[in-house]
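The values are calculated or read from the model by the stated rules, or taken from the named source; none is laboratory data. Not measured: the values here are computed from a predicted model. As a convention, Cβ positions derive from the backbone with ideal geometry for all residues, glycine included, and neighbour counts pool all protein chains shown. For the accessible areas, the whole protein counts, side chains as well, though only heavy atoms, and no ligand, DNA or RNA atoms are used. Shrake-Rupley method; radii C 1.70, N 1.55, O 1.52, S 1.80 Å.
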Amino acid sequence: MPAYAERGISAPPEVVFNTATDPDRVSAWLPEPLRADGDHRPDVDDDGMHARWRSASAPDWSAEIRVDPVDAGGARVRLELTGGEAADGLADETLENLARTVADNLTAG
């Protein structure tokens, strides 16, 4: 059963999505089972800021995010994390790691 988490991030939606889908930054926020294959590129939908990661070595695991703009100029990120019971405790932590990675990206750039 999937675990769900949602949070706001104080950065433009495009920055959040580009940071989340940057193969060089994925290891900073995605759970380990989704990083094990070494190929960190997600499947990205053409209809907006929506991406999905899967792992050949851990086929029970997947992560899916949708990034939407919010009125205040930031972004709202929704995460669906699948990985059995282990995913339940990781959904909020995963989004916290993404928020930290976005903040680091903004500070560095």
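If I compute solvent accessible area with a 1.4 Å probe over the protein chains, what percent of it on the chain is carbon and sulfur? Mind showing how you got there, number by number?
On the way: 2680 of 5950 Å².
Percent of accessible area from carbon and sulfur atoms in the chain: 45.
How much area per residue is accessible in the chain when the probe is 1.4 Å and only protein heavy atoms are counted (Å²)?
Details: 5950 Å² over 109 residues.
Per-residue accessible area for the chain comes out at 55 Å².
Using only C-alpha atoms and all pairs of different ones, pull out the Kirkwood radius for segment 1-46 in Å with one decimal.
Details: mean 1/r = 0.0823 Å⁻¹.
Over segment 1-46, the inverse of the mean reciprocal pair distance is 12.1 Å.
Quick one: helix 91-108 against the long Cα principal axis of the chain, what's the angle to the nearest 10°, folded into 0 to 90?
Computed tilt is about 40 degrees.
Starting from the alpha-carbon convex hull of segment 48-90, give the projected area averaged over all orientations, in nm². Present the calculation step by step, with values, prior to reporting the outcome.
Numbers: hull surface 14.9 nm².
Convex hull of Cα atoms, orientation-averaged projection: 3.7 nm².
What length, rounded to one decimal in nm, is gained on full extension from Ser27 through to Glu93, with 0.36 nm per residue of separation minus their alpha-carbon distance? Walk me through the numbers before you get to the answer.
Values: separation 66, 0.36 × 66 = 23.76 nm, distance 1.37 nm.
Extra length from Ser27 to Glu93 when fully extended: 22.4 nm.
Over all directions, the average projected area of the alpha-carbon convex hull for segment 1-79 comes to how many nm²? Can you show the working numbers first?
Details: hull surface 21.2 nm².
If you wrap the Cα atoms of segment 1-79 in a convex hull and average its projections, you get 5.3 nm².
Would you work out the relative contact order for segment 1-84, in percent, from Cα pairs under 8 angstrom that are 6 or more residues apart?
Details: 156 pairs, mean separation 33.0, N = 84.
Value for segment 1-84: 39 percent.
Give me the extension gain from Ala86 to Asp37: residue separation times 0.36 nm, minus the current Cα-Cα distance, reported in nm with one decimal. Don't jump to the answer; show the numbers that get you there.
Values: separation 49, 0.36 × 49 = 17.64 nm, distance 1.86 nm.
Full extension of this stretch gives 15.8 nm more.
How charged is the neighbourhood of Asn105? Take every other residue with its Cβ under 11 Å from the Cβ of Asn105, and add Lys/Arg as +1 and Asp/Glu as -1. Mind showing how you got there, number by number?
Numbers: positive: Arg25, Arg100; negative: Asp22, Asp24, Asp104.
That sum, taken over residues with Cβ under 11 Å, equals -1.
Quote the accessible area belonging to Thr82 in square angstrom, nearest 10, computed with a 1.4 Å probe and with ligands, DNA and RNA left uncounted.
Estimated to the nearest 10 Å², Thr82 gives 30 Å².
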